[in-house]
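The values are calculated or read from the model by the stated rules, or taken from the named source; none is laboratory data. Computed from a prediction, not measured in an experiment: that's the story for all the values here. For accessibility, only protein heavy atoms count, side chains too; no ligands or nucleic acids. Shrake-Rupley method; radii C 1.70, N 1.55, O 1.52, S 1.80 Å.
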Amino acid sequence: MDTDQFLKILQNRSSAAPKYLGDPPPNEEQLLEAVKCGLAAPDHKSLRPCRIVLIKNRAKMADFFEAGALNAGADQKEAERARTKALKGAGLLAFVVKIDINNEEVPAYEQWLACGAFLMNVVTALELQGFGLKVVTGSNVRWPEVTKPLCRPGETLACWIIVGTLTDARLKPKEPVDASHYLSVFE
């Protein structure tokens, strides 16, 4: 792949709805390759403030989603809808971060930037391996029933990555954006 092809891939990437993310999901070897790319992202002082968790037991995670929704005040119908969110797409990954707000050398905002760069490199690596995906968040990332089994002390569940093999090659491309509005020049 030449540079122009790679730039076009980056410029035209878009999220895929979970209903278009079928089997097979990436295997552990493919995920490890993506995580290696994430680790190559800029990261001041190499704090490595984030990681990926592969959710193998989706049914158990769905139980946690349902329990979290119920404890947050949802009725049974809403809790069942929350449950289905853990089962969408062929694969589910959790993106977990650990921000040290007391680090005097690397402020929290720099750590968050490193996490975003890590996530984007993982996303790009998965897409270059032929997978589609969607990064999502919601109230479920804050439910103790969901976070407790995934997070170590001091960690936060930032978002989910729903991933799989694209089942529809006719996905709608993003509308072009005039990039000149997002580049400033200081002279």
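Of note:
- Residue within segment 105-127 that is in a loop (DSSP other than H, G, I, E, B), closer than 24 Å to K19 by Cα, open to solvent by less than 20 Å² (accessible area, probe 1.4 Å) and modelled with pLDDT of 95 or more present: no
- Filter pass, K134 being under 20 Å from R58 (Cα atoms) and either open to solvent by 50 Å² or more (accessible area, probe 1.4 Å) or part of a loop (DSSP other than H, G, I, E, B) (or both): yes
- Of all residues in segment 83-98, those that are part of a helix (DSSP H, G or I) and hydrophobic (A, V, I, L, M, F, W, C) total 0.
- Condition check for I101: open to solvent by 70 Å² or more (accessible area, probe 1.4 Å) and of a type in the set (V, I, T): yes
- Residue satisfying condition, being over 18 Å from V163 (Cα atoms) and open to solvent by less than 30 Å² (accessible area, probe 1.4 Å), within set A90, A74: A74
- Counting only residues that are open to solvent by 50 Å² or more (accessible area, probe 1.4 Å), under 17 Å from the mean Cα position of the chain (by Cα) and hydrophobic (A, V, I, L, M, F, W, C), segment 6-27 holds 1 of them.
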